[in-house]
Amino acid sequence: MASCMVSILFLFPLIAAMSAEEPPGCKIRITNRGLEMLKYETQKFVVEELSNITMPEMKGKEGRFQYTIKEVKINELNLTYADLAFQPGLGLLFNVQNSSIALSFQRHILYWLFYDTGAINASAEGVNIHTVLHMTRDELGRLKISNITCDASIAKMKMKFTGTLGRVYDFLATFLTTGMRFLLNQQICPVMNHAGLVLINSLLETIPVRTEVDNYVGIDYSLLSDPVVTSRSLDMDFRGMFFELGNESNTLVNYAINPIVREYDRMVYLALSEYFFDSGLYSYYKAGIFQRNIANEHMPKDLEMLLRTTYFGTIMMINPALMEYPISLQLELNSAPKTTVKTSGVTVAITAIVTVMVLPPGKAPVQLSSMTMEAKFNAKVSMKGKRLAVHADLRRFKIYSNQSALESLALIPLQIPLKTMLQISIVPIINNWTKRGVAIPLADGMDFIEEVVEYHNGYLIIGADLHFSKGLREVIERKIQADAENAI
């Protein structure tokens, strides 16, 4: 018995930790196809970085020769073989093999009483660079490169002298190429380290983590854990949670299922659970935007006439003088809307209290009736660039009295006019607001194209290809410039 109790106490922290694990509201998978798209931009970026290699001045003496080598310039990089691949358990591997670098520099050589200057053209051949970028989640939940493992080698180097004594100096080539190969080799990995730890990390900082969506709500895209890297994909679990800007701690708890992405055919997959949408609706509900008064010029005349006719008896009982005053409808949700995702699509259910009132000028509104409205919307999810948008269509509508079943029967003539009012006055406002969309956690310069939405029970998956609207260099330079301006 004692051993059983000890076992239970030992397992309890593990069980508690497992039960407390937060499921993601948003997941992104980048596949080998997506990485292939990124390969060209990465290769171009690396060539630009290596072209900026600077080398120290070389001075020395060899027998009766005194020499100075300076103004080293990288003229051309020929990456014969360059590959970008996933490194399972770590991150990304950028591998360069059997490539070459053409460079030139100026010589100043003193031999006895002869002084000579001229250009030296050289080529580094058999250039191999093996770079692994370790990708992790930082303390803010941002994707970052935490470390770089780099190994570079140059198989051989050739030089060609020009000038008065060019052929005489050819015997110096062996000595100089050894030194230059060593110095050039020593410069490659520091350049790659700076490119990854500084420049690429500045690119990753353009991915939204916790940002405002509009004047009412924000969204939290912090990573819940380190990315999972396999030979086929990079998988990232994001919190995917909206929050009210006025009360950021009041958020919806995530009890939704964990989206499962099984496909690898497209470049990128975005999976969103019901929680992603529910947390947004909950935050807007708490911000108070699901309240609307329909009165005066916003009230359709035929609907006002029908309301006046329906509640004629009530008005006469309260005060006959109220008949000449405007009638208004006040809509207020009594709970946050609820999203349901099934294989057939996405629906959003709302329940609201509709209050009918007379508006005597200069006096408090007079309530005539209160009814419950239940509505269900079909929601079509789409992507444009990297913004997720939703378009709603009213599917079902029902009103009933909060007072009695008899009054509910009296409300039947109001069903169609109120439904029409909702379609004409309320739904377009909602769609005009939701079509702006919300940005997904993707770096600047990258957009979704040719997306296809698939619906599953509890979540949806958007499979798409990637398009680069901006080059890596442009995005990085803009980010660095923006950071510099903000620091002033």
Quiz item: What pairs can you find where one residue is in region 83-97 and touching a residue at least 12 places away in the same chain (Cβ under 8 Å) and in a strand (DSSP E or B), the other is open to solvent by less than 30 Å² (accessible area, probe 1.4 Å) and of a type in the set (Phe, Trp, Tyr), and their Cβ atoms are less than 9 Å apart, with a gap of 6+ or different chains?
Solution: Asp83/Phe94; Leu84/Phe94; Ala85/Phe94; Leu92/Phe86; Leu93/Phe86
Practice problem: Could you please give the count of residues in region 130-157 that are among the polar types (S, T, N, Q) and closer than 21 Å to Asp235 by Cα? | Solution: 4
Practice problem: Output the residues belonging to region 128-153 that are without any contact (Cβ under 8 Å) to a residue 40 or more places away in the chain and open to solvent by less than 30 Å² (accessible area, probe 1.4 Å). | Solution: Asp138
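Could you check region 259-288 and list, in sequence order, the residues that are assigned to a loop (DSSP other than H, G, I, E, B) and crowded, with 17+ Cβ neighbours inside 10 Å? Break it down stepwise before answering.
Taking region 259-288 and keeping what is assigned to a loop (DSSP other than H, G, I, E, B), we get 259-267, 288.
Those that are assigned to a loop (DSSP other than H, G, I, E, B) and crowded, with 17+ Cβ neighbours inside 10 Å: Pro259, Val261, Arg266, Met267.
Quick check, is His108 assigned to a strand (DSSP E or B) and within 30 Å of Leu442 (Cβ to Cβ)? Working first, answer last.
Values: assigned to a strand (DSSP E or B): yes; within 30 Å of Leu442 (Cβ to Cβ): no.
The answer is no for His108.
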Exercise. Tell me which residues, restricted to region 449-460, are out of contact with any Leu (no Cβ under 7 Å at 6 or more places or on another chain) and either surrounded by 15 or more Cβ atoms within 10 Å (Cβ to Cβ) or among the polar types (S, T, N, Q) (or both).
Key: Glu451, Tyr455, His456, Asn457, Gly458
Exercise. Could you tell me whether any residue of region 194-202 is among the polar types (S, T, N, Q), within 17 Å of the chain's Cα centre (by Cα) and in a loop (DSSP other than H, G, I, E, B)?
Key: no
Practice problem: State whether the residues of region 288-298 include one that is acidic (Asp, Glu) and more than 30 Å from Val358 (Cα to Cα). | Solution: no
Quiz item: So which pairs qualify, if the first residue must be in region 190-202 and on the phi > 0 side of the Ramachandran plot and of a type outside the set (Lys, Arg), the second must be crowded, with 18+ Cβ neighbours inside 10 Å and not in a helix (DSSP H, G or I), the Cβ gap must be under 8 Å, and the two must be at least 6 apart or on different chains?
Solution: none
Quiz item: Can you find a residue in region 9-32 that is modelled with pLDDT of 90 or more and assigned to a helix (DSSP H, G or I)?
Solution: yes
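Being in contact (Cβ under 8 Å) with a residue 24 or more places away in the chain and touching a Pro at 6+ places or on another chain (Cβ under 9 Å) is true for just one of Val366, Val390. Which residue is that? Outline the logic, then answer.
Working: Val390 fails: touching a Pro at 6+ places or on another chain (Cβ under 9 Å).
Exactly one of Val366, Val390 is in contact (Cβ under 8 Å) with a residue 24 or more places away in the chain and touching a Pro at 6+ places or on another chain (Cβ under 9 Å), namely Val366.
Restricting to region 174-212, give me the number of residues that are within 30 Å of Pro227 (Cα to Cα), of a type in the set (Val, Ile, Thr) and out of contact with any helix residue (DSSP H, G or I) (no Cβ under 6 Å at 6 or more places or on another chain).
6
The values are calculated or read from the model by the stated rules, or taken from the named source; none is laboratory data. It should be emphasised that the depicted structure is a prediction, and the values quoted were computed from it without experimental measurement. Note that we place each Cβ from the backbone using ideal geometry, even for glycine, and neighbour counts take in every protein chain shown. We work out accessible area using only protein heavy atoms, side chains counted, and drop any ligands, DNA or RNA first. Shrake-Rupley method; radii C 1.70, N 1.55, O 1.52, S 1.80 Å.
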